[in-house]
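To start, the structure under review is shown below, and the notes come after it.
The values are calculated or read from the model by the stated rules, or taken from the named source; none is laboratory data. Because the structure is predicted, anything quoted here is derived from the model rather than measured. Using ideal geometry, Cβ is built from the backbone for each residue, glycine included, and neighbour counts are taken over all protein chains shown.
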Amino acid sequence: MDREGIPQSGYKKILVKMPIAVHPTQARIWNAIELGKIKGDMSLREIGKIINVPAPQQVKHHLEQLRRMGTIDWKDGNYVFNRK
């Protein structure tokens, strides 16, 4: 672990059209939303298939992290970007 308590094994920060560094799974979610591949009526399992993440709870976790960071939100039944 580094000084911030983040496990270093398999963890990389990357920047993908976002003003902040995010986990690679979050970057894949961001890109899929941007490309319109993720719709509001999709299950976590369906989203996982699109971004190549087999565990629905992992998808849920990363969606929630993006929402908490303020980069995405849930409006009118779809994920949308909070562009400031």
Determine if the range 63-73 includes at least one residue that is over 12 Å from the mean Cα position of the chain (by Cα), assigned to a loop (DSSP other than H, G, I, E, B) and modelled with pLDDT under 90.
no
Kindly evaluate P7 against the criterion of being part of a loop (DSSP other than H, G, I, E, B), modelled with pLDDT of 80 or more and exposed (fewer than 12 other Cβ atoms within 10 Å of the Cβ).
no
Please pick out the residue among I50, I38 that is under 13 Å from the mean Cα position of the chain (by Cα), at pLDDT 80 or above and part of a loop (DSSP other than H, G, I, E, B).
I38
